[in-house]
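The values are calculated or read from the model by the stated rules, or taken from the named source; none is laboratory data. The model shown is predicted, which means the values in this text are computed figures rather than measured ones. Positions of Cβ are generated from backbone atoms using ideal geometry, with glycine treated the same way; all protein chains shown enter the neighbour counts.
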Amino acid sequence: MMNELMDAILAGAIVALLGAAFGAVLGHIFSKTRARNERLIEGIYRPLLGQLGLLLEKVQDVENLDLMGLEGVRRNGTFFAMDESLRKMTRQVYKEIKEYKDRYDASNARAQAIVREAVQNFAPTQDRGNYRSGGFEVTYRGFIDHAFMGMVDLRSCLLVGKTPVECMIQNRPLFNESNIDCCISGYKVERHLADEISKWALQRAEMDQSIKDARSQRQLVLRDLHDLINALSSKIL
């Protein structure tokens, strides 16, 4: 009886020791995994997410892209330690963004030329000298209760295939026709003149292959940037 009791006590002690050892191993593994995840979050996921967010804003606003920040993050040694599927997504999106930047540069030059030609075609002859000094920039400005709320320029609207009024209302749904005025090179002009210029310029842009190519690539970049940002966010949250 005594032997059976001792055996039971010994077995219990062994089980307890094994449980404690197993728990310690699991705790160590969990601690190492958590530390590694924290290093990845601070070393690559968060910096990468920040750069992609900045680029997303630039693409949405149809502005020129600066890839130096993203390239710097990609050169970080931690980049190669990140999740393989995310690394592949990042490389693919980077290629798409680089191609979009090249297409943007070409299409932006064409859009500027189209706007310039449109102003020269429709603006009164006596005003063209003033407009030339301002680069023939055509802008639509939005106001609510006489407070300035933002503006769009015709050049960027050509690159997305929308009229300036459509772009204004998309950005600020509270705008309506009465909230918007127009300028050429900073000089206020009648709305009908700006609309004539915009209509002609959009028709020309629809026939320009470099602009159509940039629009298509922009849509691809917007879609895949959103997907990558969502995937990276899930690693941080």
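Residues that are assigned to a helix (DSSP H, G or I), under 26 Å from residue 103 (Cβ atoms) and at pLDDT below 95 within the stretch 59-78 comprise 60, 68, 69, 70, 71, 72, 73, 74, 75, listed in sequence order.
Just checking, does the stretch 100-121 include any residue being farther than 21 Å from residue 160 by Cα and outside any loop (DSSP other than H, G, I, E, B)? Within the stretch 100-121, one or more residues are farther than 21 Å from residue 160 by Cα and outside any loop (DSSP other than H, G, I, E, B). Residues in the stretch 72-97 that are surrounded by 15 or more Cβ atoms within 10 Å (Cβ to Cβ) and not hydrophobic (A, V, I, L, M, F, W, C) were compared, and the one that is nearest to residue 154 (Cα to Cα) is 96.
Taking the listed residues 55, 49, the one that is crowded, with 17+ Cβ neighbours inside 10 Å, in a helix (DSSP H, G or I) and at pLDDT below 95 is 49, with no other qualifying. With the structure loaded, tell me whether residue 32 is among the charged types (D, E, K, R) and at pLDDT below 90 or whether it fails that test. Criteria met by residue 32.
The number of residues in the stretch 218-237 that are in contact (Cβ under 8 Å) with a residue 60 or more places away in the chain and over 14 Å from residue 58 (Cα atoms) comes to 10.
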